[in-house]
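Visitor: The following block contains the structure, expressed as structure tokens.
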């Protein structure tokens, strides 16, 4: 049975609007009525596509991921050395955050939220695949380093860089905003240097302990 293209297009429009609204006001700050009004449909029409706000939110997160699928797949590609994969992950993650500010705000809001159920939902739906891939890469580069701590350091370094953008503009209004690729190379080199430095230090400490 074929799907009515009008229904498919409306569902797509609802999800696109929902990404922006949830990113701007958070889960608790948006009602189904708000979304229906922004889309230009009746609440009944919205409930026809999504039975409740939780279902709509889950589909919204997936929609935000799907529209960035190509960038995510590039970031998680498994070819190359661990160091090359690490730098590619940083680049891909920064481009994703830079090019889709609504997705960034959606992630940031839920990380800071106190609702454990939605945080778990966000992790399982939007972050787990990337997080596990980063853990694997870090473990290959520096086996003795706590890979989970390093993975969190990488992710927060990228997110916080963009969170600080308003402060950066105030502090250095005359400076041009660097390109995302420049930011990626800068952060990537610093993080990779720190990762390898910690690995060397841990190796030396272990050798001294054994002797």
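The values are calculated or read from the model by the stated rules, or taken from the named source; none is laboratory data. Please read all numbers here as calculations on a predicted model, not as lab measurements. Reconstructed Cβ throughout: ideal geometry from the backbone, glycine too, with neighbour counts over all protein chains shown.
Visitor: List the helices (runs of 4 or more DSSP H) inside the stretch 12-74, counting only whole elements, that have at least 3 residues being crowded, with 17+ Cβ neighbours inside 10 Å.
Guide: Working: elements: 32-39, 43-49, 53-66.
Correct list: 32-39, 53-66.
Visitor: Here's something else I'd like to know. Looking at residue 199, is it modelled with pLDDT under 80, in the same structural domain as residue 74 (by TED's automatic domain parsing), more than 18 Å from the chain's Cα centre (by Cα) and under 18 Å from residue 81 (Cα atoms)?
Guide: yes
Visitor: Related question: Within the group 11, 67, 33, which residue is on the phi < 0 side of the Ramachandran plot, touching a helix residue (DSSP H, G or I) at 6+ places or on another chain (Cβ under 6 Å) and touching a residue at least 12 places away in the same chain (Cβ under 8 Å)?
Guide: Sole residue among the options that is on the phi < 0 side of the Ramachandran plot, touching a helix residue (DSSP H, G or I) at 6+ places or on another chain (Cβ under 6 Å) and touching a residue at least 12 places away in the same chain (Cβ under 8 Å): 11.
Visitor: Further question on the same structure: Those residues that are surrounded by fewer than 17 Cβ atoms within 10 Å (Cβ to Cβ) and in contact (Cβ under 8 Å) with a residue 60 or more places away in the chain, I need them from the stretch 105-120; list them, please.
Guide: Across the stretch 105-120, the qualifying residues are 113, 115.
Visitor: Check 30, 39, 58 and return the single one that is outside the structural domain of residue 100 (by TED's automatic domain parsing), modelled with pLDDT under 90 and over 18 Å from residue 131 (Cα atoms).
Guide: Values: 30 fails: modelled with pLDDT under 90; 39 fails: modelled with pLDDT under 90.
After ruling out the rest, the residue left standing is 58.
Visitor: Mind listing just one residue for me: the one in the stretch 121-142 that is in contact (Cβ under 8 Å) with a residue 40 or more places away in the chain and within 23 Å of residue 164 (Cβ to Cβ) and, of those, surrounded by the most Cβ atoms within 10 Å (Cβ to Cβ)?
Guide: So, considering only residues that are in contact (Cβ under 8 Å) with a residue 40 or more places away in the chain and within 23 Å of residue 164 (Cβ to Cβ), the one surrounded by the most Cβ atoms within 10 Å (Cβ to Cβ) is 134.
Visitor: Has the stretch 163-175 got at least one residue that is part of a helix (DSSP H, G or I), under 15 Å from the mean Cα position of the chain (by Cα), in the same structural domain as residue 89 (by TED's automatic domain parsing) and at pLDDT below 90?
Guide: yes
Visitor: While we're looking at this one, here's another question. What number of residues in the stretch 160-188 are surrounded by 14 or more Cβ atoms within 10 Å (Cβ to Cβ) and within 16 Å of residue 87 (Cα to Cα)?
Guide: Residues flagged as surrounded by 14 or more Cβ atoms within 10 Å (Cβ to Cβ) and within 16 Å of residue 87 (Cα to Cα) within the stretch 160-188 amount to 7.
Visitor: Next question. Filter the stretch 143-159 down to the residues that are over 21 Å from the mean Cα position of the chain (by Cα) and either over 24 Å from residue 86 (Cβ atoms) or surrounded by 17 or more Cβ atoms within 10 Å (Cβ to Cβ) (or both) and list them by number.
Guide: 145
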